[in-house]
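Below are the structure tokens for one structure; questions will follow.
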Amino acid sequence: MGTLKHIGWRLANILPVLLIVSVLTFLIGRLTPGDPIQGQYARTFTPEQIEAIRDSYGLNLPLWQQYVKWVADLFVAGGGKSIVQDAPVFDVLWPNFLNTIVLTVAGVLICAVVGITIGTIAGANHRRAADRFSMLFVQVGSNLSVYWFGLILIWIFALQLKWLPVSGMQSRNGGGFGDLLAHLILPGISAALISMLVLARFTRIGIVQESHSDYYKTFQSQGAGRFSLLGKHVGRNILPPVVNIIGLEIGTLLTGVLFVESVFNWPGIGTQLLNAVNGKDYPLIQGGVVLIALVYLVVNLVTDIAVDALNPRLKR
Amino acid sequence: MRTKKWLGIGAAILAAAVVLSGCSAPAGAGGTDAAAAGDETPQYGGDLVVGLYLEPLALDPHRQGYWETYRVTRNIFEGLTREDTSGATDPTEIQPALATDWSVSEDGTTWTFDLREGVTFHDGSPFDAEALDKNVRRISDPTYEFYDESSAKKLATWFGTLTSGTVIDDHTYQFQFSQPFLGFPRILAQAMSTLAIGNPAVWEQYGNDGFADHPDGTGPYEFVSRTIGDRIELKKFDGYWGDEPYLDSLTFRIIPNNQTRLASLLSGELDLISYVQPEDVQTLEDQGFQVPEGTGSSLLYISYNFKNPAFADEKVRQALIYGLDRQKLADELYNGYAEPQYSFQPPGNEAFDPAVRDFEYDPAKAVELLKEAGYGDGDLKFTIVVDVANQNTAEWLQSEYKEIGVDVEIVSLDRTSYIARAYGPEEGDGLSLDEYGGTYAEWLSQGFNGLAGKGLNPADFPDITSAIQAAATTADPDARIDLWKTAEETLRNDAVVIPTVNLTRYYALGSNVRGFDWPATNWYDLSKVWLAN
């Protein structure tokens, strides 16, 4: 029962956070320089014409009225009308949002599989060559810029080797799951890079620490094999922190995805928001940020629940 | 310490890889040229994939903006007239499209159009005077149920003086203006703020906001789908009234990142891209891609902040033109893929005169004028405000102006902040950079509106406003172009803007793309394009 109450409490906490996020996004959009109508038409229209068009989009109303209208639009009008696209915000964002989720999930999988593998290899071979080599890779990788790393991957695997496509999520006349996977590999790796290396480090440290613990030495002295020890005992003990790190890294990864999308032209919400910011499309920016904030909060909540469930000491 | 050392080595390896990539690029045949296309028989079929650098706006004939939008929508919608996009005529010839013929009354205020018969929209409903009338009413008649305010404000540029539109019979339509408007047929062939024809049955069914989700016109391609941020797909319209287009379908992918767009063309994922960067032209040609030479009717120009008191003095404005070596700008900054410009009317414009000159490069004269205006070496200081994409241009200008003793500080901003600052300048701001233009003489008045948006008070330049007014409203067809030339001359002599360059490379095509012409318009005709095997 305690768990349910805890979840309920956490859920209730999401609302005020979203409210604060919505107010901040709204204000940041309005109080920084730039105007969507001016951006599109200033070069050729008269100032009077521009004012008239601003009026027709309701951009000359007092700020609080615009805010209240937008919040109402979130519930009844699909997040309001995108100024640049003249279409409801959620209609514009939704397909792209799903694409971002696809890329994020791929990133998380790559991050978990590769990160834990590297960490395990390094940890199990503490201070040996495999450990040194893995950690060199981790050190170098952690300092790469995601943007630059993406371009290098494109250059090597798409332009030189011609193994994988450069951009988008679908080939000419393409389609199908295999085609999607081919398009997912490079952006997935780019998005996962940083988090994967963080995870590798934590896994390695976890294993190293556990292998210095008394129970490990006891089992070892009784003749238990390295692999059975790793699988049966160490693995179980380091699982909660690893899950916790993965959960936290989903947030980082999601942020990374927004950059990666631009490099690989992945049609996700990041590309969308970049365009929206360039056009100062207030409703679209606001809708997108609120959506991402929501995902972030939900992921954190789910991680907490999972970690609690995995930790017998926290069972109430 | 050790980490840093390893990092350095890793970086060196990667840097070496990058350098090697430049060397190992296959040496191509130096570009397949269009001449080869002459020997081949055009083939039907295939899908052309275009990489756009900007997300198009709503696919709505009256709300659309940006050239990239029009490069998509002109396949779906047509106007009453169109420009010859073969590149064979300069200025581009005005051709019949949905109208077969037109005439203007003696006083220049009444235009009568004969409409093409047997034309249908993509949903099969007929195009006739009634359908045209609903298009006109959508942008001009507040009593019409589907009057669209934002379209009306945008089209007010050209339709603000429209007093009535009248159906004469099924295939004859009349526009009545309150003053002469001889530029009208060419304006009807333009991309923005003009009357491309949409299917009224669609906005009557889906509403004005819903139209862009179901764009329907009379053009050679019909709408299939759109995913914002990803792609727009069109397919050949079987019921098209004109010549059958070669390609079965068109796919427009939106790829704003310059490097990714280039890489996608290089990898064969795209057939055509726009906004090729000068530094990429050589790479593309070396690898066998086509980078046609041409000239769109647009212009990169520098405007003054008229709210800065320094620019109230004509001598200062002139000095900044005298002090600018535009040939050097084209050669150094654009690798020679640009032409210096001296007129505010861009090349390809019907009133463009290549012979005119404003204040040609003469740094000594610039220094002298500044001295006369009271500015010694280093006395005149201001900022140049640019979009980050133009930062290198700003740096080039900074060093150029240093030579005439002018101290320029660069303010480089993201696009929206740039527009906000350029059109709402601060006291110490000096110059800002824009690119625009068109083939129609009236562009001059639009460009002048833009300068007014940057603080120029038209009342301070009554000679310019009256010259523009005279040209825009003349009823004498023989005098019209000359009047626009006079207006441009007046504007040029007042030194209210600094024309700089026009780009001569802009599109890049795969080696198997044929039939692509680069006309003076800022868009292309894909109905003549085909793919060789």
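The values are calculated or read from the model by the stated rules, or taken from the named source; none is laboratory data. Since the structure is predicted, the reported quantities are computational estimates derived from the model, not experimental observations. All Cβ positions, even for glycine, are placed from backbone atoms using ideal geometry, and neighbour counts span all protein chains on display. Ligands, DNA and RNA are excluded from the accessible area calculation, which covers all protein heavy atoms including side chains. Shrake-Rupley method; radii C 1.70, N 1.55, O 1.52, S 1.80 Å.
How large are Rg and Dmax for the stretch A:1-151 when calculated on the C-alpha trace, in angstrom?
Computed over the Cα atoms of the stretch A:1-151, radius of gyration and Dmax are 24.2, 73 Å.
Under a plain spin-label model, where a point goes 7 Å from the Cα along Cα-to-Cβ, how far apart in nm are B:SER103 and B:ASN392?
5.6 nm
Okay, next question. Assign unit charges at the C-beta atoms only (+1 for Lys and Arg, -1 for Asp and Glu), then state the dipole size of the protein assembly as shown relative to its Cα centre in Debye, rounded to the nearest 20.
6420 debye
How high is the FRET efficiency between A:ILE152 and B:ASN533 when r is their beta carbon distance and R₀ equals 41 Å, given to the nearest 0.05?
The value I calculate is 0.75.
Right, another one. What is the set of long-range amide H partners of B:LEU456 at a cut-off below 5 Å, with H atoms built 1.01 Å from backbone N?
B:PHE306
Would you grab the residues whose amide H sits under 5 Å from the one on B:VAL224? Only those 5+ places off in sequence or on another chain, please, with H modelled 1.01 Å from N.
Sorted by chain and number, the residues that satisfy this are B:GLU233, B:LEU234, B:LYS235.
Related question: Working out 0.36 nm times the residue gap between A:LEU136 and A:GLN160, then minus their Cα-Cα distance, what length gain in nm do you get to one decimal?
That pair, A:LEU136 and A:GLN160, stretches by 6.1 nm at full extension.
Another question, if that's okay. Taking Cα centroids, how far is the stretch A:76-129 from the stretch A:1-69 in Å?
Using only Cα atoms to place each centre, the spacing works out to 25 Å.
Pull up all non-local amide H partners of B:ILE197: gap of 5 or more, or a different chain, and H-to-H distance under 5 Å with H placed in the peptide plane.
It is B:GLU78, B:GLY79, by chain and number.
A follow-up question, please. Nearest 100 Å² is fine: what is the total accessible surface buried where chains B and A meet, probe 1.4 Å?
Buried: approximately 5000 Å² between A and B.
Sticking with this structure for a sec: Considering the options B:THR295, B:ALA441, A:HIS183, tell which one lies farthest towards the positive end of the dipole of the protein assembly as shown, charges being +1 on Lys and Arg and -1 on Asp and Glu at the Cβ, about the Cα centre.
A:HIS183
Whole-Hz Karplus ³J(HN,Hα) for the stretch B:325-332, in order, using 6.51 cos²θ - 1.76 cosθ + 1.60 and θ = phi - 60°, x for Gly and Pro?
8, 6, 5, 5, 4, 4, 6, 7
Can I ask one more? Which aspartates and glutamates have a Cα less than 15 Å from the Cα of B:LYS365, not counting those fewer than 8 places away in the same chain?
B:GLU314, B:ASP325, B:ASP377, B:GLU400, B:GLU403
Give me the lysines in straight-line cross-link reach of A:LYS69: C-alpha distance below 17 Å, same-chain residues under 8 apart excluded.
A:LYS81
Continuing with this model, one more query. Find how much the distance from B:ILE410 to B:ALA459 grows on full extension, using 0.36 nm per residue of separation minus their present alpha carbon separation; answer in nm with one decimal.
Value of the extension gain: 14.6 nm.
How far apart, in nanometres, would the label points at B:ASP482 and A:LEU248 be if each is projected 7 angstrom from Cα along the Cα-to-Cβ direction?
In this crude spin-label approximation the distance works out to 8.0 nm.
Report P(r) for chain B: all Cα-Cα distances, bin width 20 Å, range 0 to the bin holding the largest distance, values in whole percent.
20, 51, 26, 3, 0
Can you list the lysines whose alpha carbon is less than 30 Å from that of A:LYS217, not counting same-chain residues fewer than 8 positions off?
Hits, sequence-local ones excluded: A:LYS232, A:LYS315.
Along its principal axes, what span do the Cα atoms of the protein assembly as shown show, with the longest given first and each in whole Å?
Computed over the protein assembly as shown, the largest-to-smallest principal extents equal 110, 67, 64 Å.
Taking the Cα centroid of the stretch A:197-214 and of the stretch B:111-175, what is the distance between the two, rounded to the nearest whole Å?
73 Å
Which links in B:LYS154/B:LYS235; B:LYS328/B:LYS381; B:LYS153/B:LYS315; A:LYS280/B:LYS236; B:LYS134/B:LYS485; A:LYS280/B:LYS371 stretch past 32 Å when you go from one Cα to the other?
Table pairs above 32 Å Cα-Cα are B:LYS153/B:LYS315; A:LYS280/B:LYS236; B:LYS134/B:LYS485; A:LYS280/B:LYS371.
To continue, here is another question. Counting Lys +1, Arg +1, Asp -1, Glu -1, what net charge surrounds B:LEU299 among other residues with beta carbon under 11 Å of its beta carbon?
Net charge in that neighbourhood comes out at -3.
Calculate one ³J(HN,Hα) per residue across the stretch A:248-257 by plugging θ = phi - 60° into the Karplus curve 6.51 cos²θ - 1.76 cosθ + 1.60, and present them in order as whole Hz with x for glycine and proline.
5, 5, 4, x, 4, 4, 4, 5, x, 4
Each residue of the stretch A:161-168 in turn: what ³J(HN,Hα) in whole Hz from Karplus with 6.51, -1.76, 1.60 and θ = phi - 60°, glycine and Pro shown as x?
Along the stretch A:161-168, the couplings run 7, 6, 8, 10, x, 7, 9, x Hz.
Roughly how many nanometres apart are two label points built 7 Å out from the Cα toward the Cβ at B:ALA88 and A:TYR296?
So the two model labels end up 5.9 nm from each other.
Evaluated at 37 °C with a viscosity of 0.692 mPa s, what Stokes-Einstein diffusion coefficient in µm²/s does the stretch B:324-393 have when Rh comes from the Kirkwood expression over alpha-carbon pairs?
223 µm²/s
In chain B, what percentage of the DSSP-assigned beta bridges are antiparallel, given to the nearest 5?
75 percent
Quick one: angle between helix A:282-310 and the longest Cα principal axis of chain A, in degrees between 0 and 90, rounded to 10, please.
The two axes meet at around 20 degrees.
Right, something else. Roughly how far apart, in whole Å, are the Cα centres of the stretch B:453-499 and the stretch B:279-357?
About 20 Å separates the Cα centre of the stretch B:453-499 from the one of the stretch B:279-357.
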